[in-house]
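Take a look at the structure below.
The values are calculated or read from the model by the stated rules, or taken from the named source; none is laboratory data. Note that this is a predicted model, so its numbers are computed, not measured. Note that we place each Cβ from the backbone using ideal geometry, even for glycine, and neighbour counts take in every protein chain shown.
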Amino acid sequence: MPLRSPQAVLLCALLGLTTACAPTVREQPTAAQLEESASVASAEYVIGANDTLAISVWREQELSLPNVDVRLDGKISVPLIDDVQAAGLTPTQLKDSITEKLKEYVSAPQVTVIVTRVGSKQVSVLGEVARQGPIPLQPAMRVSDALAFAGGFTPFAGKARVKIIRGQGQPPAEFTFDYDAYVNGNDVAQDILLLPGDKIIVPEERPFWR
């Protein structure tokens, strides 16, 4: 952290400007650190209402569900075993639950559960984009995907200074995404995986003559 001059320290003490003189409250992780944390969190994804699942039972096509929505009560309907609680479970936990219930009807069932559409979780895109506001977080969604989902940039977007704010930690983490560098292939690693609740803020950058 840079050292402050004695005059600056004295001014802060005299005026009591603790907030103004304090360093930034946001952590500044690298793209690799954010990518790693998102990968870990995605592996522990918790199913929610309005998510869409694909459930496959090996060699039991009539029991497989290629497209089933999680109802508002958090349950799904599965052949033979009726309603099964899905919300609040990870895909692995739901797989184990369905497998156990199917054992009464099928010998050694082999079940796979995949989240094909996320409807229960969102990220926000704000600032100089065509459509501001929350958007549904899709599986493996990255910054560039969210920006495209928001309709792209306005003419006055500061594309080199896009901010991603991740608030799960204390303090929140902030990362700068340079869209131009990403498109040019100079820094593709910065196109990080997104997590529920992430905020993408595109600042305004008007020409100097305006």
* Structure fact -> Among GLU128, GLU100, GLU104, the single one that is more than 21 Å from SER64 (Cα to Cα), charged (D, E, K, R) and either over 18 Å from the mean Cα position of the chain (by Cα) or assigned by TED's automatic domain parsing to the domain that holds SER56 (or both) is GLU128
* Asked: Quick one: would you say ILE200 is under 30 Å from ALA87 (Cβ atoms), surrounded by fewer than 18 Cβ atoms within 10 Å (Cβ to Cβ) and of a type in the set (A, V, I, L, M, F, W, C)?
  -> no
* Can you name the condition, by its number, that GLN93 falls short on among (1) modelled with pLDDT of 90 or more; (2) in contact with a Ser or Thr (Cβ under 9 Å, 6 or more places away or on another chain)? -> (2)
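May I ask you to say which residue of LEU34, LEU102 is closer than 30 Å to ALA150 by Cβ and of a type outside the set (Asp, Glu)?
LEU34
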* Structure fact -> Contact list, first residue from segment 183-199 and within 16 Å of ARG161 (Cα to Cα), second anywhere and part of a loop (DSSP other than H, G, I, E, B) and of a type outside the set (Val, Ile, Thr), beta-carbon distance below 7 Å, six or more apart or interchain, is ASP187/ASP178; GLN190/ASP178
* Asked: How many residues are over 17 Å from the mean Cα position of the chain (by Cα), modelled with pLDDT under 95 and under 15 Å from PRO139 (Cα atoms) when one looks only at segment 43-62?
  -> 0
* Asked: For segment 90-99, does any single residue satisfy the condition of being touching a residue at least 24 places away in the same chain (Cβ under 8 Å) and farther than 24 Å from VAL40 by Cβ?
  -> yes
* Starting from residues that are touching an Asp or Glu at 6+ places or on another chain (Cβ under 6 Å) and of a type outside the set (Val, Ile, Thr), keep the ones in segment 120-137 and report whichever is modelled with the lowest pLDDT. => SER120
* Just one of the numbered conditions (1) crowded, with 18+ Cβ neighbours inside 10 Å; (2) over 15 Å from LEU102 (Cα atoms) is not true of ILE76; which one? -> (2)
* Of residues in segment 100-119 being within 21 Å of GLU44 (Cβ to Cβ) and buried (at least 18 other Cβ atoms within 10 Å of the Cβ), the one modelled with the lowest pLDDT -> VAL118
